[in-house]
Each structure stands twice: as structure tokens, then as C-alpha cells.
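The values are calculated or read from the model by the stated rules, or taken from the named source; none is laboratory data. What you see is a predicted model, and the numbers here were worked out from it, not measured in a lab. Please note: Cβ atoms are built from the backbone with ideal geometry, for glycine as well, and neighbour counts cover all protein chains shown.
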Amino acid sequence: MEIKVMTFNIHHGKGIDKQRNLSRIAEVIEKSDVDIIGLNEVDKHFSKRSLFEDQTMWLAKQLNTEHFFSPSLSIKSKKSTNERQYGNALLSRYPIVTRKNHAFNYIPGLIEGRSLLNATIQINNQLYQVMVTHLSLNPFLHRKQTEFIVDQLHHYHHPIIIMGDWNMKPGSSGWRRLTDNVQDTWQVSGEGPGYTYPSLSPKMRLDYIFVSPDLKVVKAEVMTKTLKASDHLPLKATISCL
């Protein structure tokens, strides 16, 4: 059985034309025909920039998927009972059976927090551990976050899928730490440089999907048909159990 997975930094729904348009994000996902979607830079009642929308809920309703939001930043507001939140999200056409959020609070008071979304998805009778993250640009924090994620890999005996905006280059020390344990789907089955950022004229590979060795990478591709939806292009991988 093949599973189609996507990672997409949606830039809170703001495209390169500066317009906030979640419908375009939903259209990209729908046309990509994917089963499991990891999202970065997702707002939940965050601010006027996203019309205080719960973006994960909106997309899940639009696409008829299960969903899980994992905040990286939470701000209490005196004007509202809703916390203003920003972080990662997961959409799945299969049941999400467990949900965890790991906050990376290595420097208390940091304005932009980071986190790891960690969920178990059941496909038929098989469990898959799915993680979504968006790592820091700061080298010290990036290393600490990567070490935490690598440690998490050893907690599970079923197949693992890890994806997100990693803010690193192929061959970097963080990339090497990960690929000592999991497969970079683009390295295994992608063609060309795999650039995902910036979307209009991509020059960098920042977005990755990694999978455990017990999964076979069938295909990896950068989705280039809707360039305006976000400042990142989505990455899609087709995988199957060995």
C-alpha cells in the first residue's frame, strides 16, 4: 500500500502577492492528492493578519480530514478568551490516535518559539508515528532541537515519518545527524536540486520529509503548479512499507 505525504510551510496563508488566501492552500493540497499533510507557520486565533481564524480547523473542514494543531507560540489576550497561537499542524485522511506537543523552550522568553508535533496515525492495522516541525535559524537552538528529535526516533518500533521546514542545507551537521537514523526522501528518490524556497524562484532546499528505514521511498517531488499560494513550495513523497 502506498501512502502520499506532503510538507508545506503555508506562511499563515499569505501568498507572494501579499494576499491571505487559505482557499489557495486547500486547493494545492487537494490537487496534490495526498493522505497525510504536515503544515508549518499556521495561525490559530493569532491576529488580524489571518483574521483570527483557526486555520487548521478551517482547512480540515474544507478537505474533510482529521487534524491536530501543535502550538509553538501561545499568547494570552485580555480581549479574548482564545489564546493567540502559532505553530505546526497535521491533516490526515486516516485516524489520528494519539497527539503530543513537545515545546522547545531552551531559551525562556524567546519571542518565536519552536515545537515538535508528534502524532500516531493508524492506517489499516498499522501504526505510523508522524512528526511535524519547524526548526530555528539559530545554530545552537537548531542543534538542540535536532538532538531532541533524533532521541524521539528511538522511542518507537513502528514506521516513522518526520517532516517540516528544517532551515538547514543538505549535508549540514543537522542533516547528517538525521540521516544517520532516517532516510531523506529527496536524496533517495528526488530528481534535481529539490529547492522549495523561495517559491517564485527557488534557490534553497529547506523543506524535508524523512522516513524510517522500514519504509520504501517510491517517489519524491516538489509541487510547482501553484507558485503564489505561499513563499514555500510544498514537497510530496510517496512511500510504502517494505
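Test of understanding: among TYR106, TYR94, which residue is assigned to a loop (DSSP other than H, G, I, E, B) and at pLDDT 95 or above?
Every option except TYR94 fails the conditions.
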**Asked** If we keep just the residues of the stretch 54-65 that are in contact with a helix residue (DSSP H, G or I) (Cβ under 7 Å, 6 or more places away or on another chain) and of a type outside the set (A, V, I, L, M), which is surrounded by the fewest Cβ atoms within 10 Å (Cβ to Cβ)?
**Response** GLN62
**Asked** Residue check: is SER70 surrounded by fewer than 19 Cβ atoms within 10 Å (Cβ to Cβ), touching a residue at least 40 places away in the same chain (Cβ under 8 Å), within 26 Å of LEU206 (Cβ to Cβ) and among the small types (Gly, Ala, Ser)?
**Response** no
**Request:** Could you tell me which of the residues LYS78, LYS4, LYS14, LYS44 is out of contact with any strand residue (DSSP E or B) (no Cβ under 8 Å at 6 or more places or on another chain) and either modelled with pLDDT under 95 or surrounded by 15 or more Cβ atoms within 10 Å (Cβ to Cβ) (or both)?
**Result:** LYS78
**Request:** State which residue is surrounded by the fewest Cβ atoms within 10 Å (Cβ to Cβ) when the search covers only the stretch 116-166 and only residues that are modelled with pLDDT of 95 or more and of a type in the set (Gly, Ala, Ser).
**Result:** ALA119
**Prompt:** Taking ALA237 and the conditions (1) touching a Ser or Thr at 6+ places or on another chain (Cβ under 6 Å); (2) without any contact (Cβ under 8 Å) to a residue 60 or more places away in the chain, which numbered condition does it fall short on, given that it satisfies the others?
**Reply:** (2)
**Number of the exception - ARG99 against (1) assigned to a loop (DSSP other than H, G, I, E, B); (2) at pLDDT 90 or above** = (1)
**Complete:** Over the stretch 224-242, the set of residues surrounded by fewer than 21 Cβ atoms within 10 Å (Cβ to Cβ), touching a Pro at 6+ places or on another chain (Cβ under 8 Å) and at pLDDT 95 or above is ASP231
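Kindly indicate whether any position in the stretch 154-162 is under 19 Å from LEU39 (Cβ atoms) and either part of a loop (DSSP other than H, G, I, E, B) or touching a Phe, Trp or Tyr at 6+ places or on another chain (Cβ under 7 Å) (or both). Break it down into steps so the answer makes sense when it comes.
Applying the first criterion (under 19 Å from LEU39 (Cβ atoms)) to the stretch 154-162 yields 160-162.
With the extra rule that they be either part of a loop (DSSP other than H, G, I, E, B) or touching a Phe, Trp or Tyr at 6+ places or on another chain (Cβ under 7 Å) (or both), the set shrinks to 161-162.
Scanning the stretch 154-162, I find at least one residue that is under 19 Å from LEU39 (Cβ atoms) and either part of a loop (DSSP other than H, G, I, E, B) or touching a Phe, Trp or Tyr at 6+ places or on another chain (Cβ under 7 Å) (or both), so the answer is yes.
Of all residues in the stretch 51-61, how many are touching a Leu at 6+ places or on another chain (Cβ under 8 Å) and more than 13 Å from LEU90 (Cα to Cα)?
Pass one, the stretch 51-61, residues touching a Leu at 6+ places or on another chain (Cβ under 8 Å): 53, 55-56, 58-60.
From what's left, more than 13 Å from LEU90 (Cα to Cα): 53.
Total satisfying the criteria: 1.
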**Item:** Positions within the stretch 12-52 being touching a helix residue (DSSP H, G or I) at 6+ places or on another chain (Cβ under 7 Å) and of a type in the set (Asp, Glu), in sequence order
**Value:** GLU30, GLU41, ASP43
**Item:** Single condition TYR106 does not satisfy, out of (1) closer than 28 Å to TYR195 by Cβ; (2) touching a Lys or Arg at 6+ places or on another chain (Cβ under 7 Å); (3) not aliphatic (A, V, I, L, M)
**Value:** (1)
**Message:** With the structure loaded, tell me whether SER189 is among the small types (Gly, Ala, Ser) and under 27 Å from TYR86 (Cα atoms) or whether it fails that test.
**Reply:** no
